[in-house]
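The values are calculated or read from the model by the stated rules, or taken from the named source; none is laboratory data. Predicted model only: the values in this text are computed from it and were never measured. Here the Cβ is made from the backbone with ideal geometry for all residues, glycine too, and neighbour counts use every protein chain on show.
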Amino acid sequence: MEQDTISAFRMQLKPGNEREYKKRHDEIWPELAELLKNAGVKEYYIFLDEVTLALFAFQKKGPNDQTAGLASLSIMKKWWDYMADLMEVNEDNSPKTVACPEVFRLQIQS
């Protein structure tokens with residue numbers, strides 16, 4: 001039986017954009033949420049360090065993970081363009097990301 005996978009990465013918010021970043025994610029486009037679901041994303045969390053403005057993202061993906069192909073899709077590029085003014089981005093407006101390797105996991109069974 002194939003297992004779910006977990007990945008985490010860090011991004012950087014530009015100063016003064018905390019509220020707008022949260023607002024835009026609170027209003028995530030339904031078609032983008034559906035795209036992520038269809039690519040195998042089961043859970044997606046983003047946390048903000050309010051001191052450094054670092055964004056920490058965590059994704060739980062199912063065994064049918066197809067997230068590697070998301071970068072080539074127009075809706076993903078449109079979202080990146082929409083978010084580019086709020087955060088540090090690459091030339092194609094994709095967020096600059098730094099992978100965060102797992103160093104500890106505790107699973108507690110109830």
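Contact map, the stretch 33-55: first residue within 17 Å of Q12 (Cα to Cα), second residue loosely packed, with under 11 Cβ neighbours inside 10 Å and not β-branched (V, I, T), Cβ cut-off under 7 Å, separation 6 or more or different chains; pairs are L53/P15. Against the criterion of being basic (K, R) and in a strand (DSSP E or B), R10 qualifies.
Quick grid of which residues meet (1) under 16 Å from V98 (Cα atoms); (2) surrounded by 13 or more Cβ atoms within 10 Å (Cβ to Cβ); (3) under 13 Å from the mean Cα position of the chain (by Cα):
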position: Q3; (1), (2), (3): no, no, no
position: A8; (1), (2), (3): yes, yes, yes
position: Q12; (1), (2), (3): yes, yes, yes
position: E20; (1), (2), (3): no, yes, no
position: E43; (1), (2), (3): no, no, yes
position: L48; (1), (2), (3): yes, yes, yes
position: L55; (1), (2), (3): yes, yes, yes
position: F58; (1), (2), (3): yes, yes, yes
position: L70; (1), (2), (3): no, yes, yes
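Could you say whether any residue in the stretch 75-93 is among the basic types (K, R) and under 25 Å from E18 (Cβ atoms)? Scanning the stretch 75-93 turns up at least one residue that is among the basic types (K, R) and under 25 Å from E18 (Cβ atoms).
When the stretch 1-21 is filtered for residues that are within 19 Å of E88 (Cβ to Cβ) and either touching a residue at least 60 places away in the same chain (Cβ under 8 Å) or touching a strand residue (DSSP E or B) at 6+ places or on another chain (Cβ under 8 Å) (or both), the ones remaining, listed by number, are A8, F9, R10, M11, Q12, L13, K14, N17, E18, E20, Y21. Of the residues that make up the stretch 90-100, is at least one of a type in the set (A, V, I, L, M), closer than 23 Å to E2 by Cβ and modelled with pLDDT of 95 or more? Yes. Annotation note: Cβ proximity below 9 Å between a residue of the stretch 63-83 that is more than 20 Å from T5 (Cβ to Cβ) and a residue that is outside any loop (DSSP other than H, G, I, E, B) and of a type in the set (F, W, Y) (sequence gap 6+ or interchain) occurs for M83/Y21.
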